[in-house]
Amino acid sequence: MNADIMSTIEAIQKQSDPEVILRIIFKTIGNYGFERFIISGLPDSGVDVRPFVLLSGWEDEWYRRYTDQGYVHLDPVARHCFSTALPFDWSDAPYDRENDGSARRVMQEARDFGMDEGLCIPVHMEGGMQGVVSLAGQTSHLDEKARLELHMLALYAHGRLRYLNSHVDCPNARRIITAREAEILKWAAAGKTASEIADITGLTARTVNQHCENAQKRMGTNNRLHTVVEAIRHKLITL
C-alpha cells in the first residue's frame, strides 16, 4: 500500500473539521490530476439531495444549479452508482444518448463548467443506503494502483464525514480478527482473488469469502477493500 495515501487517510481520520478535510482532499486529488469533487449520499427518487451532501468541492454556481434542479435524479453517473460497487469513469455511465435528453443535458452542462471527465466511486453503506465520491478530471493516465488508492481515499473520507455528520461517538474498541481471517486478508491485500486464495490455503472459494465476511462484521467495515485497509491500519496484518 502507498505510504502517502495511508498517511492521508490517517490525517482524515483524525480530523473533526470538515474544512480541514476539504483542504486535505483537494491537495491529495490534485496529485492524481483531479480538480473538483463531491462527497454525498444519494437520495431516493424525488428527494432533495442537499441534506445528503457531506462535502462539496464543486464550484458554487454548478453546485446550486445541480441541487436546485434536482439533477442528481437525472445524472447518469449518480444513477449508475446503484448498479455497481466498483469505481468507474464518468464516460462509462450508461444512458440513451439519443433519447434521454435530461441525462444528456446534465452531462453537457457539467462540461460547460469544465467538468468533462471524471472518476466516480460508489459507496454502499449500512441499511442499503447509497453514497458517492465523484472526482472531476482526466482519467486516462490512471493505472490500477492509482485507482485503488483513490478508492481507499474515497471510502475513508466518506466514512469520516458520515461520522462527523451524525455526531455519534463511536467506541474506540480493539478490533479483533481470527488468525485464519488475518491470513486471508493478507492475501487479499496482495491482490489475490478468492479463487486464488482458495488454491493457496486449501480452502474453498466459498469458505474464503465467508472468512472475509466474518472479518468485515467483526471490524464494522463496508466491504472487502475497506476491511483490508482497516486491518493494515490497525496492524492486524502486515504486508
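The values are calculated or read from the model by the stated rules, or taken from the named source; none is laboratory data. Here the structure is a predicted model, which means the values were calculated and not measured. All Cβ positions, even for glycine, are placed from backbone atoms using ideal geometry, and neighbour counts span all protein chains on display. What goes into the accessible areas is simple: the full protein's heavy atoms, side chains included, and nothing from ligands, DNA or RNA. Shrake-Rupley method; radii C 1.70, N 1.55, O 1.52, S 1.80 Å.
In whole Å, how far is the Cα centre of the range 48-63 from that of the range 186-239? Answer, in whole Å: 35.
The gain in end-to-end length when the residue 176 to residue 19 segment is fully stretched comes to 53.2 nm, 0.36 nm per residue minus the alpha carbon separation. Quick one: plug the Kirkwood hydrodynamic radius of the range 112-239 (C-alpha pairs) into Stokes-Einstein at 20 °C, 1.002 mPa s, and report D in µm²/s. So the translational diffusion coefficient is about 132 µm²/s. Determine, from the Cβ-Cβ distance of residue 141 and residue 86 and an R0 of 22 Å, the FRET efficiency 1/(1 + (r/R0)^6), rounded to the nearest 0.05. So, using R0 = 22 Å, E works out to roughly 0.70. Taking label positions 7 Å along the Cα-Cβ direction at both residue 111 and residue 7, the computed distance is 4.0 nm, reported to one decimal.
The shape of the chain comes out prolate: with a ≥ b ≥ c from the C-alpha gyration tensor, a/c is at least 1.5 and a/b beats b/c.
Annotation: aspartates and glutamates with alpha-carbon distance below 18 angstrom to residue 27 (same-chain offsets under eight excluded): 4, 10, 17, 19, 35, 59, 149. Surface composition of the range 5-167: carbon and sulfur atoms hold 47% of the protein heavy-atom accessible area at a 1.4 Å probe. Solvent-accessible area per residue in the range 5-167 equals 49 Å², computed with a 1.4 angstrom probe and all protein chains kept.
In the range 179-234, the portion of solvent-accessible area held by carbon and sulfur atoms comes to 46 percent [1.4 Å probe, whole percent, DNA, RNA and ligands not counted].
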